[in-house]
Amino acid sequence: MYPEFPLIPGTAVAQTRVILKKRLVNVKLRDHPQMTRRDGAKIWPPRWTAGVQPSSQWPIGEIGTLQEVAKPENLDSYLFLTIGYAGLSYFGIMHFDDAKFCEDIYLLLESKVGCPIKEIGDLDLFRTL
């Protein structure tokens with residue numbers, strides 16, 4: 001795993017910087033090391049599901065527009081996303097290893113409701129968090 005600067009205390013959304021080969025680089029949300037769990041599972045983009053159609057028709061990847069993001073009180077490392085795509089709503093779950101990083105991403109995603117999922121994946125976390 002890549003080393004990180006510590007989270008800056010006292011900010012609602014802390015700044016994350018990743019060092020590669022002793023230089024500071026910008027990291028897109030989709031490429032951030034904490035968007036891959038310790039078990040190797042990718043967190044972004046979530047798998048999209050819907051109860052109104054067979055799973056073979058569920059969309060895959062960075063598609064649609066973020067409609068809602070929720071963070072359950074009793075699950076501090078989970079986010080639930082709702083997107084709109086092709087006239088339907090789809091749901092995805094993000095499960096993080098780090099509850100603080102989950103909270104940071106939750107605050108970021110809350111501010112991006114209405115934005116395309118691809119645009120969110122393109123966010124530069126060095127400048128955003």
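The values are calculated or read from the model by the stated rules, or taken from the named source; none is laboratory data. Worth saying up front: this structure is predicted, and the values here are computed from it rather than measured. Using ideal geometry, Cβ is built from the backbone for each residue, glycine included, and neighbour counts are taken over all protein chains shown.
Sort out which residues of segment 82-106 are part of a strand (DSSP E or B), among the hydrophobic types (A, V, I, L, M, F, W, C) and more than 16 Å from Thr36 (Cβ to Cβ), and write them in order of number.
Taking segment 82-106 and keeping what is part of a strand (DSSP E or B), we get 82-85, 88-95.
Now restrict to residues that are among the hydrophobic types (A, V, I, L, M, F, W, C): 83, 88, 91, 93-94.
Answer for segment 82-106, where residues must be part of a strand (DSSP E or B), among the hydrophobic types (A, V, I, L, M, F, W, C) and more than 16 Å from Thr36 (Cβ to Cβ): Ile83, Leu88, Phe91.
Scanning segment 57-80 for any residue that is of a type in the set (Asp, Glu) and closer than 20 Å to Arg37 by Cβ turns up at least one such residue. If we scan segment 107-129, do we find a residue that is without any contact (Cβ under 8 Å) to a residue 40 or more places away in the chain, within 16 Å of Lys28 (Cβ to Cβ) and not in a strand (DSSP E or B)? So far as segment 107-129 goes, yes, one or more of its residues are without any contact (Cβ under 8 Å) to a residue 40 or more places away in the chain, within 16 Å of Lys28 (Cβ to Cβ) and not in a strand (DSSP E or B). Could you tell me which numbered condition Gly84 fails, if it satisfies all but one of (1) farther than 16 Å from Gly114 by Cβ; (2) among the small types (Gly, Ala, Ser); (3) surrounded by 14 or more Cβ atoms within 10 Å (Cβ to Cβ)? Result: Gly84 fails condition (1) only.
The rows are residues; the columns are (1) over 22 Å from Glu119 (Cα atoms); (2) outside any loop (DSSP other than H, G, I, E, B); (3) modelled with pLDDT of 95 or more; (4) touching a Gly at 6+ places or on another chain (Cβ under 9 Å).
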| position | (1), (2), (3), (4) |
| --- | --- |
| Thr11 | yes, no, no, no |
| Ala14 | no, no, no, no |
| Ile19 | yes, yes, no, no |
| Asp39 | yes, no, yes, no |
| Pro45 | no, no, yes, yes |
| Leu66 | no, yes, yes, yes |
| Val69 | no, yes, yes, no |
| Phe80 | no, yes, yes, yes |
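His32 falls short on exactly one of the conditions (1) in contact with a helix residue (DSSP H, G or I) (Cβ under 9 Å, 6 or more places away or on another chain); (2) modelled with pLDDT of 95 or more; (3) not basic (Lys, Arg), and that condition is (2).
Within segment 61-73, residues that are buried (at least 18 other Cβ atoms within 10 Å of the Cβ) reach partners that are hydroxyl-bearing (Ser, Thr, Tyr) with beta carbons closer than 7 Å, at six or more positions or on different chains, in the pairs Gly64/Tyr85; Gly64/Tyr90; Val69/Tyr106; Lys71/Tyr106.
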